[in-house]
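The next block holds one structure in the form of structure tokens; read it before the comments.
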Amino acid sequence: MFLKWGARAFDNMLIVPPGSGIVHQVNLEYLARVVFTGKEKPILYPDTVVGTDSHTTMINGLGVLGWGVGGIEAEAVMLGQSISMLLPEVVGYRLHGVLGQYVTSTDLVLTITKHLRQLGVVGKFVEFYGPGVAALSIADRATISNMCPEYGATVGFFPVDEASLHYLTQTNRPEKQVQLIEAYLKATKQLRNYSDENDGLVFSQTVSLDLSTVVSSVSGPKRPNDRVSVADMKNDFLSCLTNKVGFKGFGISENKLETRGKFMYDGKQYTIGHGSVIIAAITSCTNTSNPSVMLGAGLLAKKAVEAGLIVQPYIKTSLSPGSGVVTYYLRESGVIPPLEQLGFNIVGYGCMTCIGNSGGLDENIVNAIEHNDLVCCGVLSGNRNFEGRIHPNTRANYLASPLLVIAYAIAGRVDIDFETESLGKRPDGSGIFLRDIWPTRAEIQAVEKKYVIPAMFKEVYAKIENGSNNWQSLNAPAGKLYPWSDESTYIKKPPFFTGMTKNLPQTQPINGARVLLFLGDSVTTDHISPAGSIGRTSPAARFLAARGLTPKEFNSYGSRRGNDAVMSRGTFANIRLVNKFMSKAGPKTIYLPTNEEMDVFDCAQRYTAHQTPLIIIAGKDYGSGSSRDWAAKGPFLLGIKAVIAESFERIHRSNLVGMGLVPLQFLPGENAESLGITGKEVYNINLPNDIKPGQQIQVTTDIGKNFEVILRFDTEVDLLFYRHGGILNYMIRKMID
């Protein structure tokens, strides 16, 4: 209702209704212009985009420069504020060689993700060049660009070439417009020829990859940059089981490796153990935009069904395309029936399992997992597998191509060696191996050429703005001001401007602060502000239950991001959060004055009642993951004033600044451990009135452990926003003036 009201209330605003697809795929297939034509003046200029999702970068695969910004920054831009950023380094990533016959674009992107995360490209632009790019389709390039947040760069850019122009024609862009784009890019020397060695290009740094070295891969079990070759997968998972708890470990003791759980499902008994697959999902914008892997999955399903292979019914399988075009070409090519026979029915269009929207598991399965402390698995074709994101009961989650999602679903486990272990038996007793049903690149390309045609895009996008019957029948309010409802548990007037005055607040030092959470490396925005299901005993659940909602009506944090009362209670509510104050993972902390253990929200409320400012201490890459504005809004509402970390992910640092929080970075080579900090001290942070971007300031403690930190206000604009108490406060004062 809020969105439909907005479409009427504002000029130059188009709403693509819910259920139409994933915003990035709709942008790639329909919205992106590549070259804009001025409405008021006869002028041409390159298409660019900033979006409120980190995977906005997907459009760089088409040659449109675009990146994600925090929702807070985007809100200010919509009110007229320009974007400010430091001039980035540009890393040249040279591709050469050719992918093997059985290697997918997903394998390539997981290889690049691991490589660039190790290289360190946070805050940098990456531009792909070299003869290897010419062999990649636009969908392949878009898959690589989509995963940009997972390797940490601001953009992963592919300049426009002839393949880009062909894609525009294939997706039913007007021929006259394509001709105009080509003429403009040639005239301005922006049309790239990748087969050329591009000797004239100048980069801050260059790296390269031989495509022929890429092998079938997955990533996991907890991070998208932890690539594992499929050939090594079995041994890698078994090692993860016994490794100490961490990104590659679950801490299972040797005597519990053979533990099994039995359960009844649909009148039949099944047995699962460590490594059993319980969720298998072809999901998310990463791969569903790519016909080669989607049709490849369909062809693999067809061959699997013909061979008599099945997926066990208790495995939660799903197929959620990024747009209606995918359904169109899957149906026309005849692969929908075999996909459905294996359980991969189309469940809708949008972000689903990748962001925790898989829905619940059968209670008998959950009991078997929890009673036996099993490390069960999700396998998905999405872009993120952070802890607690996919489902509370899948402790291990692996990113894989749509083809491998089906393969692991058939196998029913991830600890399988596909080379030596069969997926099933033929009537004569011989084994059916994955290589027997895996389609070649030539097979896939032949089907793609025949069935992915402009008419499909024309038919799907001709009615994209109509929406479903539910959308069409929805009565939205009119007028310039939205009529907030006190009864809504989904959306309410935000409290960020309560008590705000026209005059600027004085910059004050942060004195007598306590540490709410003491965290380690790679704390993601999923840890800070989960998007998945709302736990039944959580503070958010208690809030909703008090308003008469039953657990089945709780929905997810992602769906309730318009309600600050729910989202503040969901801040740091991830069940896999590792807080060094606690003996085990979970959304708990210690109220330090009395040493009481309690939920994070309740603890923050206790500190607020005593007017105690709060800080967070963390390790490297704090705030990696989704560009989730609630990962800054939630801490603001909890009373957190500053975060001290070894390093910050780009968008999250920007979001913290946007909410008036202070990002502080340990000096190079220093961290909490090296400084002998326990997090139980009382902290004073000296913030003088004349602070400058990037200056060093002093932090003192009540026990005499004092140290310097870097003030991560990177620009004068950052400082301006901070002095106003946040970017939105600044914009409101500016508009009033």
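Since every read-out is calculated from the coordinates, none of them should be taken as a lab result. The structure presented is a predicted model; accordingly, all values stated were derived computationally and were not measured. Cβ atoms come from the backbone with ideal geometry, glycine included; neighbour counts cover every protein chain shown.
Structure data summary
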| quantity | calculated |
| --- | --- |
| Loop-located GluC sites (Glu not before Pro) in the range 404-499 whose Cβ has at most 10 other Cβ within 10 Å (DSSP) | Glu487 |
| In sequence order, calculated HN-Hα J values of the range 702-715 (Karplus, 6.51, -1.76, 1.60; Hz; x Gly/Pro) | 6, 10, x, 7, 10, 7, 9, 9, 9, 6, 8, 8, 7, 9 |
| Long-range tail of P(r) for the range 155-277 (Cα pairs > 19 Å, %) | 71 percent |
| Distance from the range 467-527 to the range 422-458 (C-alpha centre basis), Å | 47 Å |
| Computed FRET value (nearest 0.05) for Asn243 with Thr213, which takes r as the C-beta separation and R₀ as 35 Å | 0.85 |
| Local electrostatic count, Lys492, Cβ distance below 14 Å [Lys/Arg +1, Asp/Glu -1] | +3 |
| FRET E, pair Lys620, Gln508, Förster distance 30 Å, beta-carbon r, rounded to 0.05 | 0.55 |
| Rounded to 5, the percent of DSSP beta bridges in the range 217-454 classed as antiparallel | 50 percent |
| Antiparallel %, DSSP beta bridges [both residues in the chain], to 5 | 45 percent |
| P(r) tail fraction, the range 21-162 - alpha-carbon pairs more than 26 Å apart, % | 24 percent |
| Scattering profile of the range 77-160 at q = 0.17, 0.25 Å⁻¹ [log10 I(q)/I(0), Debye over alpha-carbon scatterers] | -0.70, -1.29 |
| All-pairs alpha carbon distance profile, the chain, 10 Å steps from 0, percent | 3, 14, 24, 26, 20, 10, 2, 0, 0 |
| Proxy reagent accessibility, fewest Cβ within 10 Å first, across Ser583, Ser229, Ser137, Ser568 | Ser583, Ser229, Ser137, Ser568 |
| Pairwise label distance in nanometres, Lys425 with Gln611, each label 7 Å out on the Cα-Cβ vector | 7.7 nm |
| For the range 519-634, Kirkwood radius (reciprocal of mean inverse C-alpha pair distance, Å) | 14.6 Å |
| Those lysines that a straight Cα-Cα span of less than 21 Å connects to Lys580, excepting residues fewer than 8 apart in one chain | Lys222, Lys244, Lys248, Lys588, Lys620, Lys641, Lys680, Lys705 |
| Percent RCO, i.e. relative contact order, over the range 104-206, from Cα pairs under 8 Å lying at least 6 residues apart | 33 percent |
| Cα-based reach from Lys734 at 18 Å (exclusive), listing lysines while leaving out same-chain residues under 8 positions away | Lys502 |
| Spin-label zone in the range 561-580 - amide nitrogen under 18 Å from a point set 7 Å from the Cα of Thr498 along the C-beta vector | 561-571 |
| Convex hull volume per residue for the range 217-454, taking Cα atoms only, in Å³ | 122 Å³ |
| Förster radius 25 Å - calculated FRET efficiency between Ser485 and Met13 (Cβ-Cβ, nearest 0.05) | 0.70 |
| Order of Thr420, Thr143 - criterion: other Cβ atoms within 10 Å of each residue's Cβ, fewest first | Thr420, Thr143 |
| Added length on full extension, which subtracts the Cα-Cα distance from 0.36 nm per residue, Thr700 to Ala135 | 197.7 nm |
| Spin-label model distance (nm) - Ser195 vs Lys450, 7 Å beyond Cα toward Cβ | 2.8 nm |
| Reachable aspartates and glutamates, given that their alpha-carbon falls under 14 Å from the alpha-carbon of Lys186 and they are not under 8 places away in the same chain | Asp161, Glu162 |
| Estimated vicinal HN-Hα couplings, Hz - the range 16-32 in sequence order (Karplus 6.51, -1.76, 1.60; Gly, Pro = x) | 8, x, x, x, 9, x, 8, 3, 5, 6, 5, 5, 5, 7, 9, 7, 4 |
| Inter-site label distance for Met735 and Ser84 at 7 Å from Cα along Cβ, in nm | 2.0 nm |
